[in-house]
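For reference, the structure discussed in these notes is given below.
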Amino acid sequence: MSASLNEELAALVADAESALAAAADDNALNTAKAAFVGKGGSLTALMKRMRELSPEERPVFGKAVNVAREQVNAAIDGNRRRIAAEAQQRSLAGTQIDATLPGRAPDRGGPHPLRMVEQDMVNVFRDLGYDVALGPEVESDFHNFGALNFPDDHPARDMHDTLKLEDGRLLRTHTSSVQVRTMLANKPPIRVVVPGAVYRSDTVDATHSPYFHQLEGLVVDRNISMAHLKGTLQAFVDRYFQRSLPIRLRPSYFPFTEPSAEVDIQCVFCGGDGCRVCGKSGWIEILGCGMVDPAVFESCGVDPNEWSGFAFGMGIERVAMLRYQIEDIRHFYDNDVRFLSHFS
Ligand code: PHE
């Protein structure tokens with residue numbers, strides 16, 4: 001009797017070991033585990049048959065059952081490791097890694113093309129001895145208009161479609177507001193350029209945007225003349241475009257300069273022959289300028305009998321479009337990386 005129970009026990013262990021070894025995954029392993037060492041499993045069933053043995057035989061058999069349980073548990077652990085290793089092998093075989101391939105370079109950012117153009121423009125003026133000044137984009141009526149000789153309710157204010165804030169301030173329509181700030185804060189001689197964003201309530205098209213950038217220039221010294229202004233602008237154009245591009249001055253009007261001019265640069269798209277971009281004229285306007293009006297000096301505490309000066313305001317987008325032959329201003333603001341990546 002005892003011999004036969006021991007034989008059954010040995011057979012059970014052998015069956016368990018081969019069932020566990022045949023398990024292909026965790027599910028199969030758990031099923032086999034339940035069948036042999038679970039509560040309703042065959043080992044428990046065998047234990048219950050202990051009463052078939054004589055009292056002396058029982059503890060011996062009990063020990064044998066415990067040994068058998070440990071054997072089966074060891075087989076469960078071993079096969080669990082085997083199944084995990086097999087799964088890892090399969091997943092490694094599925095992903096083929098070629099360690100000789102070059103790595104993927106991360107996408108790199110860079111300065112925005114407008115910022116690069118702005119820096120290059122500023123650097124030309126630095127080389128000519130100018131300082132850089134900055135001013136706020138939210139501005140008072142006084143700095144943007146009043147001190148610049150725009151009388152209240154004067155139609156000249158309509159030249160700029162102003163975006164106004166509820167508190168009476170406004171988004172500056174030009175960087176000329178920083179002329180006023182600079183003269184109020186510094187005694188002449190003054191030589192500054194002012195890069196910055198400006199705002200106008202304009203409709204967007206290929207050459208207009210309600211948000212754009214200007215580079216303002218202001219020189220105040222003794223005996224400054226229109227010749228200095230023209231020479232400075234030609235020097236800027238030659239250095240910035242690294243070749244001599246013709247410019248022309250056309251008479252114009254600004255309340256804060258007298259005389260005033262608008263400056264065109266020869267169209268780089270057609271070389272001056274006339275094309276779609278320059279409206280068949282061969283010229284593209286890039287700035288307004290003139291001699292600082294004595295009334296502006298008065299508003300800013302500069303004696304117009306002692307000092308004279310010139311000022312200009314250049315469109316940075318316009319210059320960038322000419323430099324890089326970009327036909328539509330909207331490219332600068334769409335921030336399409338395919339466009340931006342040409343510049344970095
Ligand atoms: N502020 C003028 C504009 O935005 C440009 C300008 C600047 C004209 C300085 C003359 C002198 O149109």
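Key figures
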| read-out | value |
| --- | --- |
| Residue tally, condition within 12 Å of the ligand (Cβ to nearest atom) and outside any loop (DSSP other than H, G, I, E, B), over segment 193-224 | 13 |
| Residues of segment 177-217 satisfying the condition of being more than 22 Å from Met116 (Cα to Cα) and crowded, with 24+ Cβ neighbours inside 10 Å | Ser177, Gln179, Val180, Met183 |
| Residue tally, condition crowded, with 17+ Cβ neighbours inside 10 Å and polar (S, T, N, Q), over segment 72-83 | 1 |
| Filter pass, His174 being within 12 Å of the ligand (Cβ to nearest atom) and either outside the structural domain of Thr257 (by TED's automatic domain parsing) or touching a residue at least 24 places away in the same chain (Cβ under 8 Å) (or both) | yes |
| Helices (runs of 4 or more DSSP H) wholly inside segment 225-344 containing at least 3 residues that are closer than 19 Å to Thr182 by Cβ and within 16 Å of the ligand (Cβ to nearest atom) | 226-241, 294-299 |
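Every residue, every condition in (1) modelled with pLDDT of 95 or more; (2) within 16 Å of the ligand (Cβ to nearest atom), yes or no:
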position: Ala105; (1), (2): no, no
position: Asp120; (1), (2): yes, no
position: Ala156; (1), (2): no, yes
position: His160; (1), (2): no, yes
position: Met183; (1), (2): yes, yes
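The values are calculated or read from the model by the stated rules, or taken from the named source; none is laboratory data. Remember, it's a predicted structure, so these values are computed and weren't measured experimentally. Ideal geometry is used to build each Cβ from the backbone, glycine not excepted, and the neighbour counts take in all protein chains shown.
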